[in-house]
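So the structure is just underneath, and the comments pick up after that.
The values are calculated or read from the model by the stated rules, or taken from the named source; none is laboratory data. What you are looking at is a predicted structure, and each value in this text was computed from that prediction instead of being measured. Positions of Cβ are generated from backbone atoms using ideal geometry, with glycine treated the same way; all protein chains shown enter the neighbour counts. To get the accessible areas, we keep the full protein, side chains included, count just its heavy atoms, and leave off ligands, DNA and RNA. Shrake-Rupley method; radii C 1.70, N 1.55, O 1.52, S 1.80 Å.
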Amino acid sequence: MRFFIDSADVKEIRAANDMGCVDGVTTNPSLLAKTGRPMKEAILEICSIVDGPISAECVTLTADEMIAEGQGLAAWHKNIVVKIPMGVEGMKAVKALTAKGIKTNVTLCFSPNQALLAAKAGATYISPFVGRLDDIGQDGLKMVREICQIYKNYGYATQVLVASVRNPIHLLESALMGAHVATLPLSVIQQLAQHPLTDSGIKKFLADWEKVPKAK
Ligand code: E4P
C-alpha cells in the first residue's frame with residue numbers, strides 16, 4: 001500500500017518523509033491556506049522534497065476552466081497530479097486531461113457511484129472521503145469497500161486513494177480491503193508507530209541495560 005501525506009506544510013512533509021514512508025503528497029485549498037504561502041511556491045517546494053505524485057487542486061468550476069487550469073498546474077512539475085472535484089463538469093475535465101496524458105485525482109467522492117463515474121472518465125485516482133462521511137453518521141469505510149469491489153469486478157485501472165483519514169483504524173481497514181493508497185495527516189502517520197507495549201518494552205530494556213556490567 002502506498003502512503004501519501006495529506007498536508008501542504010513542508011515541515012510536516014519533511015518529518016514524514018524522514019520516516020521513509022511517504023510515496024506522495026495530497027494538498028487542497030484548505031491545507032494551502034493554513035501555510036499562508038502562495039500555491040505555486042508551496043507546491044514546488046513539496047516537489048523538491050518528495051519524488052512521487054503531488055496532488056494540486058483546481059479551483060475553477062467549468063470543464064473548460066478546469067482543463068486550462070489543470071494544464072497549467074501539470075506544467076509546473078512532472079510529478080503534479082491535477083485534483084478535480086467530482087461533478088459533471090469535473091468528469092468532462094478528467095476525460096480531456098486524461099486524453100492529454102495528464103494524471104488526475106478526483107476529489108470529494110462520497111459514493112461508490114461517483115467512484116464508478118470517475119473510473120469511466122479515466123481518472124488516475126479516486127479520493128473517497130472516509131472521515132467526512134463518518135462525520136454525518138454514514139459509514140465511510142463501507143463506501144471504500146464497495147468502491148474496491150466494483151473496481152475489482154470490472155478491472156478499472158483507477159486507483160483508490162483513501163482520503164479524509166482520521167485514525168489508524170481507517171487505514172487498517174482500507175489496507176485489508178486492498179485500497180491502493182491512503183493519504184494520511186502527519187498525526188495519523190505518527191500514531192501508527194505507537195503501542196504502549198513498545199513504550200514499556202523500551203523502558204524495561206533500558207532499565208535492565210543499567211544492570212549489565214560495563215567493560216572497563
Ligand atoms: C484529500 O485529498 C483531502 O485533502 C483530505 O483527505 C480531506 O481530509 P479532511 O476531511 O480531514 O479535510
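Here the 3J(HN,Hα) profile of the stretch 45-54, calculated from phi with Karplus coefficients 6.51, -1.76 and 1.60 at θ = phi - 60°, is 5, 4, 4, 7, 8, 10, 9, x, x, 10 Hz, Gly and Pro shown as x.
Put 30, 111 in order of accessible area, highest first, and with a 1.4 Å probe you get 30, 111. Cross-linked pairs 83/152; 34/103; 100/142: Cα-Cα separations exceed 31 Å for 100/142. Considering the chain as a Gaussian network with a 10 Å cut-off on Cα pairs, which listed residue, 112, 38, 29, attains the greatest mean-square fluctuation? Taking springs between Cα atoms under 10 Å, the residue moving most is 38. For the set 197, 133, 116, solvent exposure ranked by accessible area (probe 1.4 Å, protein chains only) runs largest to smallest as 197, 116, 133. How many angstrom separate the Cα center of the stretch 1-59 from the Cα center of the stretch 160-174? Each part reduced to its Cα centre gives a spacing of 18 Å. With protein chains left intact and a 1.4 Å probe, residues in the stretch 18-103 average 48 Å² of accessible area per residue. Put simply, the C-alpha atoms of the stretch 82-175 give a gyration tensor, and the ellipsoid matching it has half-axes of 22, 13, 11 Å, longest first. Which one of 70, 137, 163 is farthest out on the positive end of the charge dipole of the stretch 2-209, using unit charges on Cβ (Lys, Arg +1; Asp, Glu -1) and the Cα centre as origin? Value computed over the given set: 70. Between residue 113 and residue 78, the distance separating the two model label sites (each 7 Å from Cα on the Cα→Cβ line) works out to 4.1 nm.
Per residue, the convex hull around the alpha carbon atoms of the stretch 97-145 comes to 59 Å³.
In whole percent, and with a 1.4 Å probe on the protein chains, what portion of the accessible area of the chain is carbon and sulfur? C and S fraction of accessible area: 57 percent.
Using only Cα coordinates, the Kirkwood hydrodynamic radius of the stretch 2-209 works out to 17.6 Å.
Equivalent ellipsoid semi-axes for the stretch 35-133, as square roots of 5 times the alpha carbon gyration tensor eigenvalues: give them largest first, rounded to whole Å. Sorted largest first and rounded, they come to 22, 16, 12 Å.
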